[in-house]
1. Summing +1 for each Lys or Arg and -1 for each Asp or Glu, what net charge is found among the other residues whose Cβ lies under 10 Å from the Cβ of ILE71?
2. Taking a probe of 1.4 angstrom, what is the accessible area of ASP192 in Å², to the nearest 10?
3. Using bins 10 angstrom wide from zero, how does P(r) for the chain break down, in % of all Cα pairs?
4. Straight-line reach from LYS51: which lysines fall under 23 Å, measuring Cα to Cα and dropping same-chain residues less than 8 apart?
5. Please work out how much length the chain gains when fully extended from ALA160 to ILE128, using 0.36 nm per residue of separation minus the C-alpha to C-alpha distance, in nm with one decimal.
6. Tell me, what is the per residue accessible area of the chain in Å², probe radius 1.4 Å?
7. Report the local net charge at ALA289: Lys and Arg +1, Asp and Glu -1, summed over other residues whose C-beta lies under 11 Å from its C-beta.
8. Suppose only helical runs count, i.e. DSSP H with n ≥ 4. What mean residue ellipticity at 222 nm does that imply for the chain under -39500 (n - 2.57) per run, divided by all residues and rounded to the nearest 500 deg cm²/dmol?
Amino acid sequence: MNKNQPFKVSRRHFLGSALFASAAICFTPPRLFGGDGSPVTIIRGAAATAKINVTKLRGNVSMLEGSGGNIGVLTGRDGKVLVDAGITASRPRITEALESLSADPVRHLINSHWHFDHTDGNEWLHSIGAEIAGHENTRKHLSVTTRVEGWNFTFPPAPAGALPTKLLTDEQTLHLNGVTLLLKHYAPAHTDSDLSIHFTDADVIHVADTFWNGYYPFIDYSTGGNIDGMIRATEANLARVTDKTIVIPGHGPVGNKSQLIEFRDMLTDVREKVSSLKKEGKSLNEVIAAKPTVAYDPKWGGFVIDGKNFTGLVYQGV
Ligand SMILES: [Zn+2]
């Protein structure tokens, strides 16, 4: 680690210190996906051969796609700053992609939240010199055995080198590579550990898994997520962006304000439909049979979470 280039922070609550494979996956409870494997195993497997796509965005900020969640990269003299780590099995191709951007070593890694498809690569990135920052709940979930019911998977504690050591609880401003990064915690949204990372000079914002561009999102109730938090996070994202802002979603292609609006409208409408059906006393199966997502399925249901899965995720939270 380069001790001469620590996070330079003006801080408020600073405590110091594969892409989802589009395959049959298992989901309990409620049991919504077919198949008997966990998406975790499938995604880790897919990342071993996944191609990494590099997109230059603006102002030395780029995005890598193909290994778990989308990775944001800021290059510069303080070393590369990564937002999210991808899946370890993609290390050779992530390394190649990073080298194609610049020769700067990786010095900083920010975890947008604790999920494995964003933190699996923490350990190797730390081993080559990256200091890891994240919300205190990211460290908390990575430190202990954590069960995600929605993935039917129990994660063992991560090794010490994979844990964030720069922790924040609310918000924090970093100055690296001559630009400002504004990190903000969402109240529980997709999990209880989600952060947005705004490269304010380039006006590029990574919004973690609060935004799946063109796909129904996963919501992790096991670690604090819920549908109303997702909607509040989307409203917060909309309040922060302009028509010019480039939005890096947790999953899906690079996005913009109008796509965020569409996402918000979809979330809100499905939430209202599912909520009123549930209030009528309908069971989950009855609500699914009523097809509250039917108008949205062609556009949003083409990835990991289909209309039935998403109905179940919303039902759980209303
Ligand atoms: Zn996630």
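The values are calculated or read from the model by the stated rules, or taken from the named source; none is laboratory data. Remember, predicted model here, so these are calculated numbers, not experimental data. Positions of Cβ are generated from backbone atoms using ideal geometry, with glycine treated the same way; all protein chains shown enter the neighbour counts. For the accessible areas, the whole protein counts, side chains as well, though only heavy atoms, and no ligand, DNA or RNA atoms are used. Shrake-Rupley method; radii C 1.70, N 1.55, O 1.52, S 1.80 Å.
1. Summing Lys and Arg as +1 and Asp and Glu as -1 gives -2.
2. 20 Å²
3. 6, 29, 37, 21, 6, 1, 0
4. LYS51 reaches LYS80.
5. Taking 0.36 nm per residue and subtracting the Cα distance, the gain is 10.1 nm.
6. For the chain, the solvent-accessible area averages 38 Å² per residue.
7. Around ALA289, the charge tally is +2.
8. -8500 deg cm²/dmol
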